[in-house]
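Attaching a single structure in structure tokens format; questions to follow.
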Amino acid sequence: MDSTPIISRTFENFEWTDFCDPNKEDLKEIAEKYQLDFHQIKDSLEPGHLPKFEKEVNYQFLILRAFTSSMGQGATSITEFSSKIAFFYNEKKLITIHRIKFDFIDSFNATFEQVEDLLLFLIHKMLNTYQPPLDELDKRIEEFENTIFLKNDAKVSMEDLYYLKMQTRITKKLLVIFQHVMNQLEVGKKNKSAVQDFKDRLFQLILKYDEVLENANNLLNTYHSVNSKKTNDTIKLLTVFSAFFLPLTFIVGIYGMNFENMPELTWEYGYFFTLGLMSFISIFIFVWFKRKRII
């Protein structure tokens, strides 16, 4: 396993070994050396594997996903949003396997008495990765609201709104699965309060993401309503113009016909009468529209 970055640390009561992006041969060697189920080892590097918890005779197996993307990158799937860490642990040993590097794994100097203490520390760090995207989503929602309600909706991109809704929905689902796994996690009496804190934090995050998702849906509906109103206003304006010009066009059309026997054409005041009639019709239509509050 010379090509695989390995972190190995020995604490007072246990040992921790971390493998970053091992290949297939490395996985077989890890399974044989530490007597782990090879199928679980393969699950630890499967790109789209969801969080899970399994209890074996000699160890417990846990997969969790940390948020590792940015909301501005247009990601629309769990594998694009997040990366996972697989945990194999018992009282004397903790093994972590993951594809990408995590800062909170590479750079910390804390000491721990038990495996569960380190495990919960890493879970806490993974849980914290979901807060920055939530803050970013809140900020983008506020920007969209200001743009739409300040009459600058032409600057709003439907694609951006779609991605915002999609990203929020997928992240919320991921947190719900995270919560389900945490409900299955078994720890000693000493760490039960810490696990309960994680559950409370997850519940709060899910509620906040749900709120952002609801706001995103409302924004989409508002955007469609604003665009529909603009379309209706345009149609209304064209209808008003048509109502004014249709009767006038009708009159002009009649007297524009090339018939010889049209007595009005020889009348001395025919031109002025026709202009007066057209003016009267226009004023009548205007007054009628005003009374009906159409304009």
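The values are calculated or read from the model by the stated rules, or taken from the named source; none is laboratory data. The structure presented is a predicted model; accordingly, all values stated were derived computationally and were not measured. Positions of Cβ are generated from backbone atoms using ideal geometry, with glycine treated the same way; all protein chains shown enter the neighbour counts.
Give the residue that is farthest from the chain's Cα centre (by Cα), with candidates limited to residues of the range 215-243 that are β-branched (Val, Ile, Thr) and at pLDDT 75 or above.
The extreme case among them is Val240.
Here is a yes/no grid of residues against (1) within 60 Å of the chain's Cα centre (by Cα); (2) of a type in the set (S, T, N, Q):
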{"residue": "Phe245", "(1), (2)": "yes, no"}
{"residue": "Thr249", "(1), (2)": "yes, yes"}
{"residue": "Gly253", "(1), (2)": "yes, no"}
{"residue": "Thr266", "(1), (2)": "no, yes"}
{"residue": "Thr274", "(1), (2)": "no, yes"}
{"residue": "Val287", "(1), (2)": "yes, no"}
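Being over 11 Å from the mean Cα position of the chain (by Cα) and surrounded by 17 or more Cβ atoms within 10 Å (Cβ to Cβ) is the filter here, so list the residues in the range 164-176 that pass it.
Leu174, Leu175
Among the numbered conditions (1) over 30 Å from Val181 (Cα atoms); (2) assigned to a helix (DSSP H, G or I); (3) among the hydrophobic types (A, V, I, L, M, F, W, C), tell me where Val212 comes up short.
Here Val212 clears every test but (1).
Ok, one more. Residues of the range 34-58 being at pLDDT 85 or above and hydroxyl-bearing (Ser, Thr, Tyr), which ones?
Matches in the range 34-58: Tyr34 only.
Answer yes if at least one residue in the range 140-160 is under 23 Å from Lys84 (Cβ atoms), under 10 Å from the mean Cα position of the chain (by Cα) and at pLDDT below 90, and no otherwise.
The answer is no, given that none of the residues of the range 140-160 is under 23 Å from Lys84 (Cβ atoms), under 10 Å from the mean Cα position of the chain (by Cα) and at pLDDT below 90.
Moving to a separate point now. Working carefully through the options Ala194, Ala243, find the one that is surrounded by 11 or more Cβ atoms within 10 Å (Cβ to Cβ) and assigned by TED's automatic domain parsing to the domain that holds Leu119.
Of Ala194, Ala243, the one residue that is surrounded by 11 or more Cβ atoms within 10 Å (Cβ to Cβ) and assigned by TED's automatic domain parsing to the domain that holds Leu119 is Ala194.
Does the range 86-93 contain at least one residue that is exposed (fewer than 14 other Cβ atoms within 10 Å of the Cβ), modelled with pLDDT of 85 or more and assigned to a helix (DSSP H, G or I)?
no
Further, regarding this structure: Name, by its number, the condition in (1) closer than 16 Å to Lys173 by Cα; (2) at pLDDT 85 or above; (3) not charged (D, E, K, R) that does not hold for Phe61.
Evaluating Phe61 over (1) closer than 16 Å to Lys173 by Cα; (2) at pLDDT 85 or above; (3) not charged (D, E, K, R) leaves (1) as the failure.
Between a residue in the range 1-19 that is modelled with pLDDT under 85 and any residue that is part of a strand (DSSP E or B), which pairs come within a Cβ distance under 7 Å, given they are 6 or more apart or on different chains?
Note: pairs meeting the criteria are Thr4/Phe19; Thr4/Cys20; Pro5/Cys20; Ile6/Thr17; Ile6/Asp18; Ile6/Phe19; Ile7/Asp18; Ser8/Thr17.
Inspect all residues belonging to the range 98-120 and state whether any of them is assigned to a strand (DSSP E or B), of a type outside the set (Lys, Arg) and either closer than 20 Å to Pro51 by Cα or touching a His at 6+ places or on another chain (Cβ under 7 Å) (or both).
There is at least one residue in the range 98-120 that is assigned to a strand (DSSP E or B), of a type outside the set (Lys, Arg) and either closer than 20 Å to Pro51 by Cα or touching a His at 6+ places or on another chain (Cβ under 7 Å) (or both).
Can I ask one more? Looking for whichever is surrounded by 12 or more Cβ atoms within 10 Å (Cβ to Cβ) and out of contact with any Cys (no Cβ under 8 Å at 6 or more places or on another chain) here; the options are Ile235, Ile206. Which one fits?
Ile206
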